[in-house]
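First comes the structure, then the notes that go with it.
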Amino acid sequence: MSDAHVSQLRQSLVPEDRTYKQISEDILDTLEEKPSKAWLIGFSLSAFILTIGFFTVAYQIGTGIGTWGLNKTVGWSWDITNFVFWVGIGHAGTLISAVLLIFRQKWRTGINRAAEAMTIFAVACAGIFPLIHAGRPWLLYWVFPYPNTRGDLWVNFRSPLLWDVFAISTYLTVSLVFWYMGLLPDLASIRDRTKSKMRKLVYGLLSFGWDGSNRTWHHWEVMSLILAGLATPLVLSVHTIVSMDFATSVIPGWHTTIFPPYFVAGAVFSGFAMVLTLMIITRKVMNWENYITINHIEAMAKVIVVTGMIVGLAYGTEFFMAWYSGNEYEKYCFLNRATGPYWWAYWTMVSCNVLSPQFFWFKKLRTHIGFVFFLSIVVNIGMWFERFVIITTSIHRDFLPSSWAMYSPTWVEIWTFIGTFGLFFTLFFIFIRVLPGIAVAEVKSVYKYARNNK
Amino acid sequence: MKKDFLLAIYDCEEKLLKSAEKARDKNIEMYDIYTPFPVHGLDDAMGIKRSFLPYVTFLAGATGLFSAILLQVWTSAFDWPTIIGGKPFISWPAFAPISFELTVLFAAHITVLAFLVYNRLFPGKQPMILHEEQTCNKFVIAMERDKVNIDDATNLLKEHGAIEVNIKNVDTGSCC
C-alpha cells in the first residue's frame with residue numbers, strides 16, 4: 001500500500017483532502033437526513049410511471065399477449081428487444097465491480113456500489129419481459145427442471161432459451177450476493193454511528209454483526225477476488241447465451257458466429273452509457289463530486305469509445321460476411337436492414353453507436369459533463385435501436401414474400417417498456433436513500449493512493 | 001463469554017501497522033485487530049495464514065459441474081430420451097452452457113456461505129465493539145489480558161503511536 005511505488009503521473013482518487021471521519025459523513029449523513037426536494041420529485045415521478053406500468057402489465061396478463069402488436073411473421077419484437085436492452089445495461093455494473101477489481105483499477109471504488117445496484121435493478125427489469133411473454137406467468141416455474149406430474153417430461157437442455165434461464169438466474173443471484181458482501185462493512189458503519197434506535201436495530205441485523213476484525217477482512221478480500229474471478233466469465237457467458245437465442249436459429253441476420261463477442265461489447269457499451277447517465281445525476285444530487293470525479297467520467301467515456309468501435313466493427317463485419325457468404329437470403333436481409341422500410345431505425349443505430357462516440361476522442365468533450373450526459377443518452381437510444389434492428393428487420397421479411405409484414409408496437413408494449421424505467425428508477429431512488437451509494441470502506445482504503453501528487 | 005482485553009487505539013493505519021509489526025517481533029500475542037477498512041500488511045504482522053476459501057470454491061465448482069452434467073445426461077439420455085433436432089441423446093456441446101452456469105452458481109454461493117459460517121456472520125450476531133468508531137476512523141489492537149505482560153505491551157503500543165491504551169472487559173460473543 002504505502003510502500004508500493006506510485007508514478008508521479010498518477011492522480012489522487014479523492015481530490016479534496018478529507019479525514020476518514022469526513023468521508024463517512026459525506027456519504028452516510030444523507031441516509032439520516034430528510035430526503036431532499038430533488039429526491040422527492042424524482043422518486044414520485046418514477047413511482048408514478050411504475051404504477052402505470054404495473055396496471056399495463058396487469059391488463060396484458062389478464063387479457064393475454066394478443067394485446068401486443070406482434071403478427072404471424074414478426075413473432076418477437078419489443079418484448080425481446082427490451083429484455084436484451086436491460087440485460088445489456090446490467091453488464092457494466094459487473095464489469096466495474098469484477099473486471100476492474102481483477103485489473104486493480106482503484107478508481108472503481110467511487111462508482112462500484114451504485115453500478116452493482118444498477119446491475120441488479122436492470123436484470124430485474126429484464127426479467128419482466130420473458131415473464132409476460134411466457135403467456136401464463138403463474139406457470140413460469142415450469143422452466144426449471146424438477147420431477148413433475150407431467151409424465152416426468154424434462155425441460156429441453158438443448159434450447160438456448162433454457163440456457164438463458166440458467167444464465168440469468170445465476171447472474172442475478174451471484175451479482176446480488178457479491179453486492180451484499182461488499183455492503184456489510186458499510187452497513188456496520190451506519191449501525192455504529194446512528195443515534196436512532198430503529199436504525200441501529202435494522203442496520204444491526206443487516207450488517208450480520210460485522211466488526212471489522214482483521215481475520216474477517218482477510219477472508220473478505222480473498223472472497224471478493226474469488227467472486228470477481230467468477231463474475232468475469234459469468235458476465236461474458238450471460239450475453240453470449242443471450243446472443244445464442246438468435247445465433248443458434250437459422251434465420252438470416254441471426255445465424256452468425258460473430259454474435260457472442262458482438263453482443264458482449266454492445267452490452268458493455270450500453271451499460272457504461274447508463275452508468276454515466278446515473279452517476280452524473282447522482283454526484284450532483286448527492287453532492288458527491290469529490291468521490292465521483294471528472295476522472296471517473298473521463299475513464300468511462302474512454303470505455304465507451306473502445307466498445308463503440310468494436311460494435312462498429314461488428315456492423316461492418318456482418319455486412320462483409322453477408323456479401324462474402326454468397327448466401328442470397330443473408331445478402332437480402334442486410335440490404336433490407338439498411339435500405340428497407342426500417343432504414344431509419346438502422347441509420348439511427350449507426351449514427352448513435354458508431355458516429356457519436358467519436359466525439360470522445362477529444363479531451364475537452366469527454367470532460368464536459370453536460371456533453372457526456374447528453375451523449376450517454378444518445379448511446380442508450382442507439383443501443384435500444386440496435387436490438388430492435390437485429391430482431392425485427394431479420395424476421396419481418398422472411399423466405400416467403402406473401403407473408404412479409406410490418407410491425408409497430410401497441411400502447412401496451414410502449415407503456416410496459418416505459419413502466420420498466422419507472423421500476424428501475426424507483427428502485428434506484430430507494431437504494432440511494434437507504435443504503436450507502438458509495439463503498440465507504442473501499443474509498444477509505446484508496447484515499448491515500450497518490451495523495452502526495454498534486 | 002466475557003474476557004479482559006488490553007486495547008490500543010490508533011487514528012491512522014501506518015502507526016497501527018508499525019505497532020503490530022513490532023509486537024510480532026517481540027512475540028506479543030495479538031487477539032485481533034479491528035479496522036474500518038482492510039489494511040494491507042496486517043495479515044503478515046498478525047501471522048494470519050492464507051485463507052482456505054479458494055479450496056472451497058474449487059470443490060464447490062467441481063460439484064456444480066458434475067451435478068450439471070449428471071442432470072443433463074440423465075434426463076436427456078436415460079430418464080426420458082427424446083430426439084431433438086436429430087442430435088445424439090448425449091449432445092455434450094449443447095450441455096456446455098448450463099454446465100458452466102451451474103459451476104459458477106455453486107462456486108459463488110458456497111464460497112459466500114463458507115465465508116459467513118467460518119467468520120460467524122449472521123443477522124442478529126453481536127459485533128465486538130471495542131471502540132465506538134472502529135468502523136469509522138479508529139483502529140484497534142486487542143490483546144488478551146492474561147496472555148501478555150501488560151506493562152511491556154502498553155509501553156510498546158504507546159511508543160509506536162497509540163492514542164489510548166486501556167483494559168476493558170468485553171463480551172467475545174462466541175458461544176462455545
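For every residue, the table says whether it meets (1) aliphatic (A, V, I, L, M); (2) surrounded by fewer than 21 Cβ atoms within 10 Å (Cβ to Cβ).
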{"position": "A:W154", "(1), (2)": "no, yes"}
{"position": "A:R158", "(1), (2)": "no, yes"}
{"position": "A:W163", "(1), (2)": "no, no"}
{"position": "A:L176", "(1), (2)": "yes, yes"}
{"position": "A:S196", "(1), (2)": "no, yes"}
{"position": "A:V235", "(1), (2)": "yes, no"}
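Does A:F246 satisfy being within 16 Å of A:V87 (Cβ to Cβ), touching a residue at least 40 places away in the same chain (Cβ under 8 Å) and not small (G, A, S)? Talk me through it step by step, then tell me what you get.
Values: within 16 Å of A:V87 (Cβ to Cβ): yes; touching a residue at least 40 places away in the same chain (Cβ under 8 Å): yes; not small (G, A, S): yes.
Yes; evaluated as a whole, the condition is true for this residue.
Of the residues B:P54, B:P88, B:P81, B:P97, which single one is under 18 Å from A:P233 (Cβ atoms) and surrounded by fewer than 20 Cβ atoms within 10 Å (Cβ to Cβ)?
Details: B:P88 fails: under 18 Å from A:P233 (Cβ atoms); B:P81 fails: under 18 Å from A:P233 (Cβ atoms); B:P97 fails: surrounded by fewer than 20 Cβ atoms within 10 Å (Cβ to Cβ).
Exactly one residue qualifies, and that residue is B:P54.
Between a first residue in segment A:15-39 that is in contact (Cβ under 8 Å) with a residue 40 or more places away in the chain and closer than 20 Å to A:S196 by Cα and a second residue that is of a type in the set (S, T, Y) and in a loop (DSSP other than H, G, I, E, B), which pairs have beta carbons less than 9 Å apart while being 6 or more apart in sequence or on different chains?
Hits for this filter: A:S24/B:T135; A:D26/A:Y291; A:I27/A:Y291; A:L28/A:T194; A:T30/A:S36; A:L31/A:T194; A:E32/A:T194; A:E32/A:S196.
Which condition does B:A108 not pass, out of (1) facing chain A (nearest Cβ under 7 Å); (2) outside any helix (DSSP H, G or I), if it passes all the others?
The failed condition is (2).
For (1) under 22 Å from the mean Cα position of the chain (by Cα); (2) polar (S, T, N, Q); (3) not in a helix (DSSP H, G or I), each residue gets a yes or a no:
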position: A:N287; (1), (2), (3): no, yes, yes
position: A:H296; (1), (2), (3): yes, no, no
position: A:V303; (1), (2), (3): yes, no, no
position: A:G312; (1), (2), (3): yes, no, no
position: A:T317; (1), (2), (3): no, yes, no
position: A:G326; (1), (2), (3): no, no, yes
position: A:C333; (1), (2), (3): no, no, no
position: A:N336; (1), (2), (3): no, yes, no
position: A:W347; (1), (2), (3): no, no, no
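What single numbered condition from (1) farther than 30 Å from A:V250 by Cβ; (2) part of a loop (DSSP other than H, G, I, E, B) fails to hold for A:P409?
So A:P409 meets the others, but not (1).
Tally up the residues in segment A:167-194 that are part of a helix (DSSP H, G or I) and more than 30 Å from B:P97 (Cα to Cα), please. If you could, list the steps in order and put the result at the bottom.
Restricting attention to segment A:167-194, the residues satisfying the condition of being part of a helix (DSSP H, G or I) are A:167-193.
Add one more test, that the residue is more than 30 Å from B:P97 (Cα to Cα), and what stays is A:183-193.
Count: 11.
Return only the number of the condition from (1) closer than 30 Å to A:A47 by Cβ; (2) more than 20 Å from the chain's Cα centre (by Cα); (3) of a type outside the set (D, E, K, R) that A:H368 does not satisfy.
Only one criterion is unmet by A:H368, namely (1).
So, restricting to helices (runs of 4 or more DSSP H) that lie completely within segment B:1-96, which ones have at least 3 residues that are in contact with a helix residue (DSSP H, G or I) (Cβ under 7 Å, 6 or more places away or on another chain) and not hydrophobic (A, V, I, L, M, F, W, C)?
Passing ranges, in order: B:13-25, B:53-73.
Specify the residue that is farthest from the other protein chains (Cβ to nearest Cβ); the eligible residues are those in segment A:145-201 that are within 24 Å of A:G93 (Cβ to Cβ), of a type in the set (V, I, T) and free of Cβ contacts under 8 Å to residues at least 40 places away in the same chain.
A:V165
Those residues that are more than 12 Å from B:L157 (Cβ to Cβ) and charged (D, E, K, R), I need them from segment B:1-20; list them, please. Steps first, please.
Filtering segment B:1-20 down to residues more than 12 Å from B:L157 (Cβ to Cβ) leaves B:1-5, B:11-14, B:17.
Listed by number, the residues that qualify are B:K2, B:K3, B:D4, B:D11, B:E13, B:E14.
Condition first: crowded, with 21+ Cβ neighbours inside 10 Å and either under 20 Å from the mean Cα position of the chain (by Cα) or not small (G, A, S) (or both). Now tell me which residues in segment B:149-162 satisfy that.
From segment B:149-162, those crowded, with 21+ Cβ neighbours inside 10 Å are B:153, B:157, B:162; that's our starting set.
Once the filter is applied, which keeps residues that are crowded, with 21+ Cβ neighbours inside 10 Å and either under 20 Å from the mean Cα position of the chain (by Cα) or not small (G, A, S) (or both), segment B:149-162 yields only B:L157.
Kindly provide the set of residues from segment B:26-73 that are among the hydroxyl-bearing types (S, T, Y) and either more than 7 Å from chain A (Cβ to nearest Cβ) or over 19 Å from B:E101 (Cα atoms) (or both), ordered by number. If you could, list the steps in order and put the result at the bottom.
We begin by selecting, within segment B:26-73, every residue among the hydroxyl-bearing types (S, T, Y); these are B:31, B:34-35, B:51, B:55, B:57, B:63, B:67.
Scanning segment B:26-73 gives B:Y31, B:Y34, B:T35, B:S51, B:Y55, B:T63, B:S67.
Mind checking whether some residue in segment A:389-405 is more than 23 Å from the chain's Cα centre (by Cα) and of a type in the set (K, R)?
At the first step, the residues of segment A:389-405 found to be more than 23 Å from the chain's Cα centre (by Cα) are A:393-405.
Among the residues that remain, those that are also of a type in the set (K, R) are: A:397.
Checked against the condition, which is being more than 23 Å from the chain's Cα centre (by Cα) and of a type in the set (K, R), segment A:389-405 yields at least one hit.
Read-outs: derived from the displayed coordinates by stated rules, not from any lab. The shown structure was predicted, so the numbers you read here are calculated from the model rather than taken from an experiment. Using ideal geometry, Cβ is built from the backbone for each residue, glycine included, and neighbour counts are taken over all protein chains shown.
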